[in-house]
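The values are calculated or read from the model by the stated rules, or taken from the named source; none is laboratory data. This one's a predicted model, so the numbers in the text were calculated from it and none came from an experiment. As a convention, Cβ positions derive from the backbone with ideal geometry for all residues, glycine included, and neighbour counts pool all protein chains shown.
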(Lines give C-alpha, C1' and ligand atoms only; values in the text may rest on other atoms or scores of the structure.)
Protein backbone atom coordinates (compact mmCIF):
# COMPACT_ATOMS: atom_id res chain seq x y z
CA UNK A 1 0.00 0.00 0.00
CA UNK A 2 2.80 2.39 0.86
CA UNK A 3 4.48 1.56 -2.45
CA UNK A 4 1.29 2.44 -4.37
CA UNK A 5 0.94 5.71 -2.43
CA UNK A 6 4.57 6.54 -3.18
CA UNK A 7 3.99 5.87 -6.88
CA UNK A 8 0.95 8.18 -6.99
CA UNK A 9 2.90 10.86 -5.13
CA UNK A 10 5.64 10.75 -7.76
CA UNK A 11 3.03 11.08 -10.48
CA UNK A 12 1.28 14.08 -8.92
CA UNK A 13 4.25 16.10 -7.66
CA UNK A 14 6.38 16.18 -10.82
CA UNK A 15 3.62 16.37 -13.47
CA UNK A 16 5.61 14.99 -16.45
CA UNK A 17 5.03 16.92 -19.66
CA UNK A 18 5.62 14.12 -22.17
CA UNK A 19 4.50 10.53 -22.48
CA UNK A 20 8.09 9.38 -22.12
CA UNK A 21 8.61 11.38 -18.93
CA UNK A 22 5.35 10.05 -17.48
CA UNK A 23 6.26 6.45 -18.25
CA UNK A 24 9.79 6.86 -16.91
CA UNK A 25 8.58 8.47 -13.66
CA UNK A 26 5.98 5.72 -13.15
CA UNK A 27 8.49 2.97 -13.92
CA UNK A 28 11.07 4.38 -11.53
CA UNK A 29 8.39 4.88 -8.90
CA UNK A 30 7.46 1.23 -9.26
CA UNK A 31 11.11 0.23 -8.87
CA UNK A 32 11.27 -1.50 -12.25
CA UNK A 33 13.99 -1.55 -14.87
CA UNK A 34 13.06 -0.94 -18.48
CA UNK A 35 13.55 -4.63 -19.23
CA UNK A 36 11.39 -5.70 -16.29
CA UNK A 37 8.56 -3.38 -17.32
CA UNK A 38 8.78 -4.47 -20.95
CA UNK A 39 8.59 -8.13 -19.91
CA UNK A 40 5.64 -7.54 -17.54
CA UNK A 41 3.75 -5.54 -20.17
CA UNK A 42 4.55 -8.03 -22.92
CA UNK A 43 6.20 -5.46 -25.18
CA UNK A 44 9.61 -5.24 -26.80
CA UNK A 45 12.38 -3.63 -24.73
CA UNK A 46 13.50 -1.36 -27.59
CA UNK A 47 9.90 -0.20 -28.12
CA UNK A 48 9.72 0.86 -24.48
CA UNK A 49 13.08 2.66 -24.72
CA UNK A 50 11.73 4.65 -27.68
CA UNK A 51 8.56 5.48 -25.74
CA UNK A 52 10.50 6.68 -22.70
CA UNK A 53 12.82 8.81 -24.81
CA UNK A 54 9.91 10.26 -26.82
CA UNK A 55 11.29 8.81 -30.07
CA UNK A 56 8.05 7.00 -30.94
CA UNK A 57 5.50 9.46 -32.28
CA UNK A 58 2.83 6.84 -32.98
CA UNK A 59 2.56 4.53 -29.95
CA UNK A 60 0.03 1.74 -29.90
CA UNK A 61 -3.02 2.26 -27.69
CA UNK A 62 -2.92 -1.44 -26.79
CA UNK A 63 0.69 -1.14 -25.61
CA UNK A 64 -0.13 1.96 -23.58
CA UNK A 65 -3.04 0.11 -21.99
CA UNK A 66 -0.77 -2.77 -20.99
CA UNK A 67 1.80 -0.35 -19.55
CA UNK A 68 -0.94 1.41 -17.59
CA UNK A 69 -2.12 -1.93 -16.19
CA UNK A 70 1.38 -2.93 -15.05
CA UNK A 71 2.20 0.50 -13.62
CA UNK A 72 -1.25 0.84 -12.03
CA UNK A 73 -1.92 4.08 -13.88
CA UNK A 74 -5.16 5.38 -15.29
CA UNK A 75 -4.95 4.34 -18.94
CA UNK A 76 -6.73 7.53 -20.01
CA UNK A 77 -3.74 9.54 -18.76
CA UNK A 78 -1.46 7.68 -21.17
CA UNK A 79 -3.94 7.53 -24.03
CA UNK A 80 -4.47 11.30 -23.84
CA UNK A 81 -0.91 11.73 -25.13
CA UNK A 82 -1.93 10.08 -28.41
CA UNK A 83 -5.21 11.97 -28.69
CA UNK A 84 -7.55 9.26 -27.41
CA UNK A 85 -10.34 10.86 -25.43
CA UNK A 86 -11.92 8.76 -22.69
CA UNK A 87 -15.49 7.77 -23.33
CA UNK A 88 -18.07 9.74 -21.38
CA UNK A 89 -19.99 6.56 -20.71
CA UNK A 90 -18.77 3.15 -19.81
CA UNK A 91 -20.06 0.03 -21.54
CA UNK A 92 -22.51 -2.10 -19.63
CA UNK A 93 -20.86 -4.58 -17.25
CA UNK A 94 -21.91 -7.47 -19.50
CA UNK A 95 -20.22 -5.91 -22.54
CA UNK A 96 -17.15 -4.95 -20.51
CA UNK A 97 -16.67 -8.48 -19.13
CA UNK A 98 -17.03 -10.03 -22.58
CA UNK A 99 -14.46 -7.67 -24.10
CA UNK A 100 -11.98 -7.51 -21.23
CA UNK A 101 -11.99 -11.17 -20.20
CA UNK A 102 -13.25 -12.92 -23.33
CA UNK A 103 -16.23 -14.39 -21.48
CA UNK A 104 -19.22 -15.95 -23.20
CA UNK A 105 -22.53 -14.09 -23.15
CA UNK A 106 -23.83 -16.45 -20.44
CA UNK A 107 -20.71 -16.07 -18.28
CA UNK A 108 -20.74 -12.29 -18.63
CA UNK A 109 -24.43 -12.25 -17.71
CA UNK A 110 -23.83 -14.31 -14.56
CA UNK A 111 -20.96 -12.11 -13.47
CA UNK A 112 -22.97 -8.98 -14.19
CA UNK A 113 -25.86 -10.29 -12.02
CA UNK A 114 -23.48 -11.18 -9.18
CA UNK A 115 -22.10 -7.65 -9.15
CA UNK A 116 -25.58 -6.12 -9.39
CA UNK A 117 -26.70 -8.22 -6.42
CA UNK A 118 -23.59 -7.33 -4.47
CA UNK A 119 -24.03 -3.59 -4.99
CA UNK A 120 -27.75 -3.50 -4.09
CA UNK A 121 -28.47 -1.68 -0.87
CA UNK A 122 -29.46 -4.10 1.92
CA UNK A 123 -33.15 -4.48 2.67
CA UNK A 124 -34.36 -3.02 5.94
CA UNK A 125 -35.16 -6.52 7.19
CA UNK A 126 -31.73 -7.89 6.25
CA UNK A 127 -29.68 -6.81 9.24
CA UNK A 128 -26.49 -8.77 9.58
CA UNK A 129 -24.15 -8.33 12.52
Handout entry: Hits in segment 33-54 (condition: in a loop (DSSP other than H, G, I, E, B), in contact (Cβ under 8 Å) with a residue 24 or more places away in the chain and more than 17 Å from the chain's Cα centre (by Cα))
Key = 53, 54
Fill in the blank from the handout: The lone condition residue 100 fails out of (1) in contact (Cβ under 8 Å) with a residue 12 or more places away in the chain; (2) under 26 Å from residue 43 (Cβ atoms); (3) assigned to a helix (DSSP H, G or I) is (1)
Handout entry: Test: residue 48 is closer than 14 Å to residue 73 by Cβ and modelled with pLDDT of 95 or more
Key = no
